[in-house]
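The values are calculated or read from the model by the stated rules, or taken from the named source; none is laboratory data. All of these numbers come straight from a predicted model, not from anything done at the bench. Heads up, the Cβs are rebuilt from the backbone with ideal geometry, glycines too, and the neighbour counts pull from every protein chain shown. Side chains are part of the model used for accessible areas, which takes the heavy atoms of the whole protein and leaves out ligands, DNA and RNA. Shrake-Rupley method; radii C 1.70, N 1.55, O 1.52, S 1.80 Å.
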Amino acid sequence: MTASRVLVLNSGSSSVKYQLLDMADRSRLAVGLVERIGEETSRLAHEPLATGGGKREQLGPIADHEAALKAVAAELAADGLGLDSPELAAVGHRVVHGGTRFTAPTVIDDEVLAEIRSLVPLAPLHNPANVTGIEVARALRPDVPQVAVFDTAFHATMPDHVAQYAIDAEVAERWSVRRYGFHGTSHAYVSRATARLLGKEPQEVNVIVLHLGNGASASAVRGGVCVETSMGLTPLEGLVMGTRSGDLDPAVIFHLARVGGMSVDEIDSLLNKKSGLLGMCGDNDMREVLRRAGEGDEAARRAFATYVHRLKKYIGAYTAVLGRVDAVVFTAGVGENAAPVREAAVAGLEGLGLALDPRANAERSGEPRLISPAGARVAVAVVPTDEELEIAAQTYELVTG
Ligand SMILES: Nc1ncnc2c1ncn2[C@@H]1O[C@H](COP(=O)(O)OP(=O)(O)O)[C@@H](O)[C@H]1O
Ligand SMILES: CC(=O)OP(=O)(O)O
Ligand SMILES: [Mg+2]
């Protein structure tokens, strides 16, 4: 019997999502989530699909990512799905920043881990958690390959003139200042799945992918190759997000420092953790924003309008970048679930060939589906992302291929 299980760890700044998959048939054996790590109200939700044991929940403080991962390992072990199993072929880690060095899945050794650690300043919210995940998994199973799958990898094909910021070239080179892009695993998976939905090969279609989760980014994918994306040096640029500002005039930072007396760290925290929907209206969860806006709450309505306006700008810009667009596709928590966001983002874009079928848009389903009217010039679609499956597939291919 060859080992065919892959454990995928997707560690975020305050959460860990995980899945144990059997890559022999791509089935999911266990899935779970630890959220609000570092708070009093941490929660671990675990579902051992293989045993049919039903969902289990643990409430109470989980201090840090190390504690979270150990709790996950204990849950898996309790179902006989532990990391000690001889069937475990590899652990796949989502690593957010791969810099210019990593553009493909990579088996992690000491040197690779050191390089991932050195990229922490470029993804301070994400890479430290990714490093902890690698350290904990490695300590538990030093004999099993640990593979890093990078959020930046899919965007490495962006042309230099797209990746370059219009700043002094020597300064940019010296400090690795360029646009990298993130959520690449999702953009890759979803753009391919969209081609399939259209009955085409990825090489045949041009797609605009809107990944709208807590973090949010857009990408322009021409014939399966990423040519532009909205996140930059770090996951702060681009769309309005749950707690991040996205695009702004860089002079806002000088102004807040010089006139507002804020430190660089305070401004960093303001723009990454206290901005976006949260900053504008006090709620970062789109469900709350929609509920409040529906009740006529002015701050929530304006936050929604700003969020949607930014999306429209990117759809227009990427239509120009691609020249011909076959599909605009919505994915991730907001993109898959929030029909009002999709409706408002596409409204008024008939000139670009975009329209929605209101009935199809209102339908709820976990399947990839079209929400544009039959015969529309540009398809509009909802395609659920599956970063964990994609990470598992890339990991398994690397260790067995
Ligand atoms: N039914 C829904 N309507 C609107 N927004 C939703 C809905 N379900 C989930 N979301 C949004 O999805 C977001 C999380 O998306 P997700 O892709 O899971 O994010 P991440 O992977 O970045 O943590 C939540 O902040 C929430 O606002
Ligand atoms: C890169 C990024 O923004 O990731 P997330 O959406 O998981 O925060
Ligand atoms: Mg996500």
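Details
- Region 109-212 - convex hull of the alpha-carbon atoms, volume per residue in Å³: 153 Å³
- The gain in end-to-end length when the Ser365 to Arg324 segment is fully stretched comes to 11.9 nm, 0.36 nm per residue minus the alpha carbon separation.
- Size of charge dipole - region 5-150 - debye, nearest 20, with Cβ of Lys, Arg +1 and Asp, Glu -1, no other charges: 340 debye
- DSSP beta bridge pairing in region 204-354, given as percent antiparallel to the nearest 5: 70 percent
- DSSP-loop trypsin sites (Lys or Arg not before Pro) across region 1-80, with at most 16 other Cβ within 10 angstrom: Arg26, Arg36, Lys55
- In terms of distances greater than 28 angstrom between alpha carbons, the cross-link table entries Lys55/Lys200; Lys200/Lys312; Lys274/Lys312; Lys273/Lys313; Lys55/Lys274; Lys274/Lys313 yield Lys55/Lys200; Lys55/Lys274.
- Three-way shape label, region 175-331, alpha-carbon gyration tensor, a/c 1.5: oblate
- Region 212-293: trypsin sites (Lys or Arg not before Pro) falling in loop per DSSP and having at most 15 other Cβ within 10 Å: Lys274
- For region 200-387, the residue among Gly223, Thr319, Thr331 whose Cα projects farthest onto the positive side of the dipole built from Cβ charges is Thr319.
- Cα pair distances exceeding 13 angstrom across region 289-330, given as percent: 60 percent
- Per-pair calculated FRET efficiency, R0 = 45 Å: Leu59 and Ala24 via Cβ, rounded to 0.05: 0.80
- For the pair region 89-154 / region 278-343, the C-alpha centres are spaced 31 Å from each other.
- Here the dipole of the chain is about 980 debye; that uses its Cα centre as origin and unit charges on the Cβ of Lys and Arg (positive) and Asp and Glu (negative).
- Note on region 5-150: with neighbouring protein chains present and a 1.4 Å probe, carbon and sulfur make up 50 percent of its accessible heavy-atom surface.
- Put simply, the amide H of Ser230, placed in the peptide plane, has neighbours under 5 Å in Ala218, leaving out anything fewer than 5 places away on its chain.
- Efficiency of FRET between Glu343 and Asp247 - r from beta-carbon atoms, R0 22 angstrom, step 0.05: 0.45
- From its DSSP helices (H runs of at least four residues, each -39,500 (n - 2.57)), the chain gives a residue-normalised ellipticity at 222 nm of -11000 deg cm²/dmol.
- Environment charge at Arg178 (Cβ cut-off 14 Å; Lys +1, Arg +1, Asp -1, Glu -1): -3
- Among beta bridges identified by DSSP and lying wholly in the chain, the antiparallel ones come to about 65 percent.
- Selected from Asp109, Asp22, Asp143 as most flexible by GNM, with the chain as the system and alpha-carbon contacts under 10 Å: Asp143
- The GluC sites (Glu not before Pro) of region 308-401 meeting both criteria, a DSSP state outside H, G, I, E and B (loop) and at most 14 other C-beta atoms within 10 angstrom of the site's C-beta, are Glu363.
- Cβ-Cβ FRET estimate between Asp110 and Lys200, R0 fixed at 45 Å, reported to 0.05: 0.55
- Per-selection Kirkwood Rh - region 275-401 (Cα, Å, 1 d.p.): 16.1 Å
- Restricting the calculation to Cα atoms, every distinct pair contributes to the Kirkwood radius of region 5-150, found to be 15.3 Å.
- Rounded to the nearest 20 debye, the dipole size of region 200-387 about its Cα centre is 360 debye, using +1 on the Cβ of Lys and Arg and -1 on the Cβ of Asp and Glu.
- Difference of contour (0.36 nm per residue) and Cα-Cα distance, Glu135 to Arg301: 55.4 nm
- For region 155-174 versus region 13-70, the gap between their alpha-carbon centres in whole angstrom: 38 Å
- Cα→Cβ-extended label distance, 7 Å offset, between Arg101 and Ala45, nm: 3.7 nm
- Value of D in µm² per second that Stokes-Einstein yields for the chain, Kirkwood Rh from Cα pairs, at 4 °C (1.567 mPa s): 59 µm²/s
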